[in-house]
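Engineer: Please see the structure below; I have some questions.
Coordinate-derived values only; no laboratory data. What you see is a predicted model, and the numbers here were worked out from it, not measured in a lab. Cβ coordinates were reconstructed from backbone atoms using ideal geometry, including for glycine residues, and neighbour counts include every protein chain displayed.
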Amino acid sequence: MDVQFFTAWIEEIARAVADGRDHLTRLDAAIGDADHGSNLDRGFTAVLAALAATPPETPGAVLTLTGTTLIRKVGGASGPLYGTAFRRMGAALGQGDADVTLAGLAAALDEALAGVRKLGGATEGDKTMVDALGPATRALAEAADKGMDAEEALDAARDAAEEGARATIPLQARKGRASYLGERSVGHEDPGAASTALMFRALRAVAGR
Ligand code: ADP
Ligand code: MG
Ligand code: MG
């Protein structure tokens, strides 16, 4: 997977976030402050502009620029968290390598997960983006270990992210704004878990091109 692949991934996320903006905002209206869709749309619109202004030359540089831009442009909790995730992935891939293997991508996602967990203090089951990112990262690592091809491996990661997002519905939030609602957060999908699933759908879609 090369710089074109990672650029296409980020562009596909931006497109899907724009399409899914109202859905993500509705999820956040139920258990938050109704801005998750607009936060991410603003962030990824700025990311597209940054990538176009100075096209990065390596996969790691694409992800680092994405993360830095998200931190700069997104005010909500999700900005620093996703920003850290992409920056940690970029750092894990290195700024000089031109090609990323499936195992390298799995290792970079593991770094992203560690960064999000450290910054936000959430573990799986707290009803956050970690509930989608954790299972997806494990699924990708297992798939890479088994020697699956990229499409199969990214299928498994996407399915795990989607399942993890769905599994947040019956949970009570223990981190973030939704935790202020206590038991009233039960019965709604976490918006950040939903947007993480969207990012893994975008990754799978780009691998199938
Ligand atoms: P805000 O809550 O500041 O309005 P967003 O609405 O953009 O920010 O993002 C909310 C999402 O951020 C939540 O649905 C959740 O997935 C994620 N989130 C919030 N706090 C944390 C945390 N401490 N750790 C991990 N994820 C978190
Ligand atoms: Mg919000
Ligand atoms: Mg907010």
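Engineer: Report ³J(HN,Hα) in whole Hz for each residue of the stretch 177-187, in order, from the Karplus equation J = 6.51 cos²θ - 1.76 cosθ + 1.60 where θ = phi - 60°; Gly and Pro get x.
Structural biologist: 4, 4, 5, 5, 7, x, 5, 6, 7, 5, x
Engineer: Can I ask one more? Is it possible to state the helix-based mean residue ellipticity at 222 nm for the chain, with each DSSP H run of 4+ residues giving -39500 (n - 2.57), the sum divided by total residues, to the nearest 500 deg cm²/dmol? What is it?
Structural biologist: Helix contribution divided over all residues of the chain: -24000 deg cm²/dmol.
Engineer: Would you work out the relative contact order for the chain, in percent, from Cα pairs under 8 angstrom that are 6 or more residues apart?
Structural biologist: The value is 22 percent.
Engineer: If packing is taken as the average count of other Cβ atoms within 10 Å, what order do 55-67, 187-199 fall into, highest mean first?
Structural biologist: 187-199, 55-67
Engineer: Normalised radius of gyration for the stretch 27-107, please: alpha carbon Rg relative to 2.2 N^0.38 Å, two decimal places.
Structural biologist: 1.19
Engineer: With a 10 Å radius around each residue's Cβ, average the other Cβ atoms per peptide and rank 122-135, 19-32, highest first.
Structural biologist: Packing order, densest peptide first, comes out as 122-135, 19-32.
Engineer: Taking 0.36 nm per intervening residue step and subtracting the Cα-Cα distance, what contour gain separates residue 30 from residue 149 on full extension?
Structural biologist: That pair, residue 30 and residue 149, stretches by 39.0 nm at full extension.
Engineer: Please compute the Kirkwood hydrodynamic radius of the chain from all pairs of different C-alpha atoms, in Å with one decimal.
Structural biologist: 16.6
Engineer: Under a straight-distance cross-link criterion of Cα-Cα below 20 Å, which lysines are reachable from residue 118, leaving out those fewer than 8 residues away in the same chain?
Structural biologist: Correct list for residue 118: 127, 175.
Engineer: Quick one: Cα centre-to-centre distance for the stretch 7-47 and the stretch 138-192, in angstrom?
Structural biologist: 17
Engineer: Per-residue counts of other Cβ atoms within 10 Å, averaged by peptide: what ranking do you get for 107-119, 74-86, 145-157, highest first?
Structural biologist: Descending mean neighbour count gives 74-86, 107-119, 145-157.
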